[in-house]
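Here's the structure we're looking at; comments come further down.
The values are calculated or read from the model by the stated rules, or taken from the named source; none is laboratory data. No experiment lies behind these values; they were computed from the predicted model shown. Because the Cβ atoms are built from the backbone with ideal geometry, glycine has one as well, and the counts that use them run over all protein chains shown. Areas reflect the complete protein model, heavy atoms only, side chains present, ligands, DNA and RNA absent. Shrake-Rupley method; radii C 1.70, N 1.55, O 1.52, S 1.80 Å.
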Amino acid sequence: MPAAVVIRLATAGATLAFVRQAATARSVALAGSILASALTFTAAISVLMGGPSLEGDFLRHTASGLVLTYSMTPLSAWFLMVFGLVALPVAVYSAGYFAHSIPASRMAGVGIGFNVMLGAVEVVFVAADVITFLFAWELMTLATAALVATEHEEPASRRAAYLYLVMSHVGTGCLLAGFLALGGSSGSMSLSTLLAGNLVSGWHRDFVFALFLIGFGVKAGIIPFHVWLPEAHPAAPSSISALMSAVLITAGIYGLFRVCAFGLGTPTSNWGLLFMALGTVSAILGVLYALTQNDLKRLLAYSTIENAGIMVLGLGAGMVALSYQRSELATLAMAASLAHVLNHAVFKSLLFLGAGSVVMGTGTRSLEAFGGLLRRMPWTGLFFLVGAMAIAGLPLLNGFVSEWLTFQALLLGFSSISGLIRLNYPLSGALLALTSALAAACFVKVFGISFLALPRSPAAAEAHESPRSMLAPQAFLAFMCVGLGIFPGVMVGALGGVLPSLPGLQSAMSLDWGTIETRSSGAPFDHLAPATFAAV
């Protein structure tokens, strides 16, 4: 981890040195980013495969006593693994995309912001103390705002960056207040001490929970804290939008997992029900807003809100189960949520990269100006179709697996939880089914209007395919969508070391029947074998 941070800093400095040589600055920035992301991805895989947790110091200043520390737990490793699977192909894609879409005068600035944002996200996932966490969190916010404002001569870009800054700083203020409240009770700034779950109780615990919910909820983009997201995503360059949707959002989800669900002691049923309600509302409203959009990137931004809602819904279902000490149900629900973090990162980054290719090939984001792109951009159309089917939750693709696990958690919850509270599970399941149907309708519309029929504008008629450097990353992500969908046991098996590391959860082995099958409980409740179905 320190080596990755040093590489990010050295890359930013070297990129600045080539500020007047756009091509060189671009190559240096992206090569350094690929190297640093590969290092953190490798470290995350080693921890997930059973290696020891990694910990140490980023910086130790003896005179002032300032120490910035890191610790890669299995949960951190999962999010870093997701980060690497997206950051690496996006960096490769950006080599071609930046050359065509970023002015030469801004290339160095975008390259520096690219590395700073990714480096800050990496540190957020592994920070072991409050100072390190908040420093990286704020750096992540500022770098992202700068990237959103890349086209700062446009009023919409300036407004989007400003709105993002305002919302993010409200969230950061809540995080600071929450950490100070915990620090005042413990006298320590170590996250392992603050999040031991025994520092606050009663209404103080509920108040601290609310602070962290707002702080992390803003970054996660869940309703009602989502207002910045549909503005910022369309304004940023498309590869940056992919990172914001696949990486930045997961930083908020990571905080909700680490702090709200497992850092403040056993969650109450009311906390879990609140998460289920926020997740369900975000999923439904997110996809409804997406259906009404004619701007391709804004549509994908609202779809991100929908999928963040699905993650939070699964997390909330697990929190309710934990409050009732139903560890098997909690394990299933948490596994579904973490699996959707991975799946959403893969298919949403694929869709944003495809959107970037379409925008670059046509010069517009308006769906009304598209049509017939499949003939002009066949490879982009194919990869976008895979992403569209994955996000719609169709079988044999990765989106289906995590949504299926979420459905099973909600169905199993009805028979596992006692009292009227159990009715929330089938109700949420019904609304999730509605969300899935609306998502399918949304992306049938997007693909049909954009790629089928005849061109509806000169821009669509004269569209051109992207270079291979932009198509190869899309091919990789499309392959991941198919591979994770047909072999779900690989993904669930990778959670085997993550779930037992969280208080109250069991091993994921009860969910895993090997590489090609998965089941949702130890009992013969149900099981899934997409590879067998595909063979038939």
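Condition check ((1) open to solvent by less than 40 Å² (accessible area, probe 1.4 Å); (2) part of a helix (DSSP H, G or I); (3) under 26 Å from T362 (Cα atoms); (4) β-branched (V, I, T)) across all residues:
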| residue | (1), (2), (3), (4) |
| --- | --- |
| S436 | yes, yes, no, no |
| A440 | yes, yes, yes, no |
| K445 | no, yes, yes, no |
| I449 | no, yes, yes, yes |
| H464 | no, no, yes, no |
| P473 | yes, yes, yes, no |
| L495 | yes, yes, no, no |
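A quick yes/no check of all residues on (1) within 21 Å of I253 (Cα to Cα); (2) surrounded by 21 or more Cβ atoms within 10 Å (Cβ to Cβ):
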| site | (1), (2) |
| --- | --- |
| V116 | yes, yes |
| A120 | yes, yes |
| F125 | yes, yes |
| L139 | yes, no |
| E151 | no, no |
| P155 | no, no |
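Taking the stated definitions as given, is G309 open to solvent by less than 10 Å² (accessible area, probe 1.4 Å), farther than 21 Å from M470 by Cα, touching a residue at least 12 places away in the same chain (Cβ under 8 Å) and not β-branched (V, I, T)? Taking the combined requirement at face value, the residue satisfies it. Quick check: is even one residue across the stretch 478-488 modelled with pLDDT of 80 or more, open to solvent by 60 Å² or more (accessible area, probe 1.4 Å) and not in a strand (DSSP E or B)? Yes, the conditions are met somewhere in the stretch 478-488. Of all residues in the stretch 425-454, those that are closer than 30 Å to L315 by Cα and aromatic (F, W, Y) total 2.
Residues in the stretch 262-302 that are assigned to a helix (DSSP H, G or I), closer than 16 Å to P503 by Cβ and without any contact (Cβ under 8 Å) to a residue 60 or more places away in the chain: 1 in all.
Close contacts from the stretch 1-21, counting a first residue that is of a type in the set (F, W, Y) and a second that is assigned to a helix (DSSP H, G or I) and surrounded by 14 or more Cβ atoms within 10 Å (Cβ to Cβ), with Cβ to Cβ under 8 Å and a gap of 6+ residues or different chains, come to F18/T24; F18/A25; F18/V28; F18/A108. For the structure I just gave you, tell me whether A22 is farther than 27 Å from F79 by Cβ and open to solvent by 60 Å² or more (accessible area, probe 1.4 Å). So A22 fails the test.
Mind listing just one residue for me: the one in the stretch 146-157 that is in a helix (DSSP H, G or I) and out of contact with any Gly (no Cβ under 9 Å at 6 or more places or on another chain) and, of those, farthest from L243 (Cα to Cα)? For the stretch 146-157, the residue satisfying everything is P155.
In the set (1) surrounded by fewer than 24 Cβ atoms within 10 Å (Cβ to Cβ); (2) touching a helix residue (DSSP H, G or I) at 6+ places or on another chain (Cβ under 7 Å); (3) outside any loop (DSSP other than H, G, I, E, B); (4) modelled with pLDDT under 90, the condition left unmet by F209 is number (4).
Taken over the stretch 410-427, the criterion of being out of contact with any Gly (no Cβ under 7 Å at 6 or more places or on another chain), part of a helix (DSSP H, G or I) and open to solvent by less than 10 Å² (accessible area, probe 1.4 Å) is satisfied by G413 alone. In this structure, does A160 turn out to be closer than 30 Å to S303 by Cβ, among the small types (G, A, S), assigned to a helix (DSSP H, G or I) and open to solvent by 20 Å² or more (accessible area, probe 1.4 Å)? Spelling it out, it is not the case that A160 is closer than 30 Å to S303 by Cβ, among the small types (G, A, S), assigned to a helix (DSSP H, G or I) and open to solvent by 20 Å² or more (accessible area, probe 1.4 Å). Do the conditions hold for P378, that is, is it over 23 Å from the mean Cα position of the chain (by Cα), closer than 17 Å to L351 by Cα and modelled with pLDDT of 90 or more? Yes, satisfied. Looking at (1) over 18 Å from the mean Cα position of the chain (by Cα); (2) open to solvent by less than 10 Å² (accessible area, probe 1.4 Å), which one does A232 not meet, given that it meets all the others? Condition (1) is where A232 drops out.
With the structure loaded, tell me whether F83 is touching a residue at least 12 places away in the same chain (Cβ under 8 Å) and surrounded by fewer than 21 Cβ atoms within 10 Å (Cβ to Cβ) or whether it fails that test. Considered against the rule, which asks whether it is touching a residue at least 12 places away in the same chain (Cβ under 8 Å) and surrounded by fewer than 21 Cβ atoms within 10 Å (Cβ to Cβ), F83 comes out as no.
Taking the stretch 1-19 on its own, how many of its residues are open to solvent by 60 Å² or more (accessible area, probe 1.4 Å), β-branched (V, I, T) and in a helix (DSSP H, G or I)? Final tally of qualifying residues: 1. Taking the conditions (1) out of contact with any Ser or Thr (no Cβ under 9 Å at 6 or more places or on another chain); (2) in a helix (DSSP H, G or I) in turn, T380 satisfies each one other than (1).
Test L199 against the criterion of being out of contact with any Asp or Glu (no Cβ under 9 Å at 6 or more places or on another chain), crowded, with 23+ Cβ neighbours inside 10 Å, modelled with pLDDT under 90 and more than 25 Å from V166 (Cα to Cα), and give yes or no. Spelling it out, it is not the case that L199 is out of contact with any Asp or Glu (no Cβ under 9 Å at 6 or more places or on another chain), crowded, with 23+ Cβ neighbours inside 10 Å, modelled with pLDDT under 90 and more than 25 Å from V166 (Cα to Cα). Scoring S168 on the criteria (1) part of a helix (DSSP H, G or I); (2) farther than 25 Å from P2 by Cα; (3) more than 18 Å from the chain's Cα centre (by Cα) leaves a single failure, condition (3).
Condition first: outside any helix (DSSP H, G or I), open to solvent by 10 Å² or more (accessible area, probe 1.4 Å) and closer than 16 Å to G483 by Cβ. Can you find one or more residues in the stretch 364-375 that meet it? Within the stretch 364-375 (the criterion being outside any helix (DSSP H, G or I), open to solvent by 10 Å² or more (accessible area, probe 1.4 Å) and closer than 16 Å to G483 by Cβ), the answer is no, since none of the residues qualifies.
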